[in-house]
Amino acid sequence: MLPFGFPFEEIRSGFRELNHGEISKSVKWLAVHEQVNILQKIFYNDVDVQRALAANQLAWAIGFPSGLYEEVKLTLSAQCQTKDGWTAFFPKSRDAKLWIKDERMFFVNSAADQFDNLLKGKKRADLERSLRSIAAGEGVQ
């Protein structure tokens, strides 16, 4: 159960940065809110979730023969498949712990920086098209 309606400073900071045109900083503040204030409390603090994530991470890092594991990644488009320059990857280390806030936030902030570079680069139109597709509920491409 997560209490609702609290005035989190991360939300205020995120929108303040957005109003100043600082999209990357805004995304990072809002990501802290999402990852720490919400997901950490309702998901990542759960011991069973931590065990499952640890088992997945170990199997992925060592290439366990069963193949029953998933690479931890974040695609920055409406596509699920990895695409050069459009995917952020969590470290492929047997000791990496996704449920540890600082490790996860390093991954999330790297993804935010990558997203910001896409916004400022030659692929901006492709990114905008992908975001419109997601917003319209068109599903995964």
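Structure notes:
- Remark: pairs (first residue in segment 71-87, touching a residue at least 40 places away in the same chain (Cβ under 8 Å); second residue surrounded by 18 or more Cβ atoms within 10 Å (Cβ to Cβ); Cβ separation under 6 Å; 6+ apart in sequence or on different chains) = L76/W86; L76/F115; S77/W86; S77/S130; A78/S130.
Matching residues to (1) of a type in the set (S, T, N, Q); (2) on the phi < 0 side of the Ramachandran plot:
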{"site": "S24", "(1), (2)": "yes, yes"}
{"site": "L30", "(1), (2)": "no, yes"}
{"site": "V36", "(1), (2)": "no, yes"}
{"site": "A78", "(1), (2)": "no, yes"}
{"site": "V108", "(1), (2)": "no, yes"}
{"site": "L119", "(1), (2)": "no, yes"}
{"site": "G137", "(1), (2)": "no, no"}
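- Number of the exception - A78 against (1) in the same structural domain as P91 (by TED's automatic domain parsing); (2) of a type in the set (G, A, S); (3) assigned to a helix (DSSP H, G or I); (4) closer than 30 Å to K120 by Cα: (3)
Residues are listed down the side, and each one gets a yes or a no for (1) surrounded by fewer than 16 Cβ atoms within 10 Å (Cβ to Cβ); (2) aliphatic (A, V, I, L, M):
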{"site": "F89", "(1), (2)": "yes, no"}
{"site": "R94", "(1), (2)": "yes, no"}
{"site": "I100", "(1), (2)": "yes, yes"}
{"site": "R104", "(1), (2)": "no, no"}
{"site": "N109", "(1), (2)": "no, no"}
{"site": "F115", "(1), (2)": "no, no"}
{"site": "D126", "(1), (2)": "yes, no"}
{"site": "S130", "(1), (2)": "no, no"}
{"site": "A136", "(1), (2)": "yes, yes"}
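- Among residues of segment 9-29 being surrounded by fewer than 17 Cβ atoms within 10 Å (Cβ to Cβ) and closer than 18 Å to G121 by Cβ, the one that is nearest to the chain's Cα centre (by Cα) is S24.
- In segment 119-139, the residues that are modelled with pLDDT under 90, in a helix (DSSP H, G or I) and not basic (K, R): L119, D126, L127, E128, S130, L131, S133, I134, A135
- For segment 39-77, the set of residues classified as of a type in the set (A, V, I, L, M, F, W, C), within 29 Å of I134 (Cα to Cα) and surrounded by 13 or more Cβ atoms within 10 Å (Cβ to Cβ) consists of L39, F43, V49, L53, W60, V72, L74, L76, listed by residue number.
The values are calculated or read from the model by the stated rules, or taken from the named source; none is laboratory data. Note that the coordinates shown come from a computational prediction; the quantities given were computed from them, not determined experimentally. Cβ coordinates were reconstructed from backbone atoms using ideal geometry, including for glycine residues, and neighbour counts include every protein chain displayed.
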